[in-house]
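Below is one structure, written out as structure tokens; the observations come after it.
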Amino acid sequence: MDGNFIVIEGIDGSGTTTQTRLLCKWLEKQNKEFIRTQEPVKEDLHIGKVIKEHLLQDNDNHSPESIALAFAADRLVHLEDRIVPALEEGKIVVSDRYYHSSMVYQPEHGADLKWVREINKYARKPDATIIVDVPAEESVKRQQERDGGKSSIIFENPEFQSKIRQRYIDLEEILDENIYIVDGTRSIEEVHEDIVKIVKEVEQ
Ligand code: TMP
């Protein structure tokens, strides 16, 4: 039987990476077989380079559509190379971001949401998607503390983050899948405990 596929999502600075790491530590303690992964895939492929330039807003002269396609291609390759083989071996896969990120960020940059959904239609549905929800101001504060202002202006812009947050909340209505929204303003440990509860529920 295939393993469970768990995705952790949220606006920038919401703590998806911290929560992915903690969940994997917990899985390790439970002696579960799992892999931890993330999107965009951090490899030095051409697609990766285009994505990196977009995120750093360095030489970012690509259209929202080509960026959306780059993320979608990165994702399908990621699925074929890592996610599906691990699931087929019965392992739990925990991914820090997945197509939900494309469905909130790329439309905010101008790509058509329906089309972004369409180009991601071959990407397998997760068994659970956990959105770590924090207000935009909190996201910006955390990013500034973390990067010391090195991040690009757009990602530290509360208006941008607040629109992204709303788009995440709307996904629950748009997508016919298991989406859980957890309050990310509490302590790291409390958020982690909620995530563990969800993962246990999904495993039953
Ligand atoms: P992170 O590595 O800190 O999670 O940042 C990844 C950034 O990439 C984040 O701002 C969201 C963005 N992103 C997209 O715009 N579209 C996507 O499909 C994915 C996976 C990420």
query: From the list 138, 201, which residue is charged (D, E, K, R), open to solvent by less than 90 Å² (accessible area, probe 1.4 Å) and not in a loop (DSSP other than H, G, I, E, B)?
result: 138
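Select from region 87-127 the residues that are crowded, with 20+ Cβ neighbours inside 10 Å and small (Gly, Ala, Ser) and list them in ascending order. Talk me through it step by step, then tell me what you get.
Here is the first cut: in region 87-127, the residues crowded, with 20+ Cβ neighbours inside 10 Å are 87, 92-107, 111, 116, 119, 126.
Those that are crowded, with 20+ Cβ neighbours inside 10 Å and small (Gly, Ala, Ser): 95, 101, 102, 111.
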So residue 17, is it closer than 25 Å to residue 185 by Cβ, touching a residue at least 12 places away in the same chain (Cβ under 8 Å) and either not in a loop (DSSP other than H, G, I, E, B) or not hydroxyl-bearing (Ser, Thr, Tyr) (or both): yes
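For residues that are free of Cβ contacts under 8 Å to residues at least 24 places away in the same chain and of a type in the set (D, E, K, R), scanning just region 157-171, find the one that is surrounded by the fewest Cβ atoms within 10 Å (Cβ to Cβ). Please lay out each step first, then the result.
We begin by selecting, within region 157-171, every residue free of Cβ contacts under 8 Å to residues at least 24 places away in the same chain; these are 157-159, 166, 170.
From what is left, the residues that are of a type in the set (D, E, K, R) are 159, 170.
Details: 159: 10, 170: 13.
If we take residues in region 157-171 being free of Cβ contacts under 8 Å to residues at least 24 places away in the same chain and of a type in the set (D, E, K, R), then 159 is surrounded by the fewest Cβ atoms within 10 Å (Cβ to Cβ).
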Segments classed as helices (runs of 4 or more DSSP H), wholly inside region 29-116, with at least 3 members that are in contact with a His (Cβ under 8 Å, 6 or more places away or on another chain) and either within 15 Å of the ligand (Cβ to nearest atom) or not aliphatic (A, V, I, L, M) (or both): 46-56, 64-78
query: Does residue 180 qualify as being surrounded by 13 or more Cβ atoms within 10 Å (Cβ to Cβ), of a type in the set (Ser, Thr, Tyr) and not in a strand (DSSP E or B)?
result: no
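I'd like to check something: does region 5-13 contain any residue that is more than 26 Å from residue 121 (Cα to Cα) and exposed (fewer than 14 other Cβ atoms within 10 Å of the Cβ)?
So far as region 5-13 goes, no, none of its residues is more than 26 Å from residue 121 (Cα to Cα) and exposed (fewer than 14 other Cβ atoms within 10 Å of the Cβ).
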- prompt: Among (1) closer than 30 Å to residue 193 by Cβ; (2) part of a loop (DSSP other than H, G, I, E, B); (3) away from the ligand (no atom under 11 Å from the Cβ), where does residue 6 come up short?
  reply: (2)
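The values are calculated or read from the model by the stated rules, or taken from the named source; none is laboratory data. Bear in mind that the values here come from a model prediction, so they are computed numbers and not experimental data. Virtual Cβ from ideal backbone geometry, glycine too; neighbours counted across all protein chains shown. Only protein heavy atoms, including side chains, enter the accessible area calculation; ligands, DNA and RNA are left aside. Shrake-Rupley method; radii C 1.70, N 1.55, O 1.52, S 1.80 Å.
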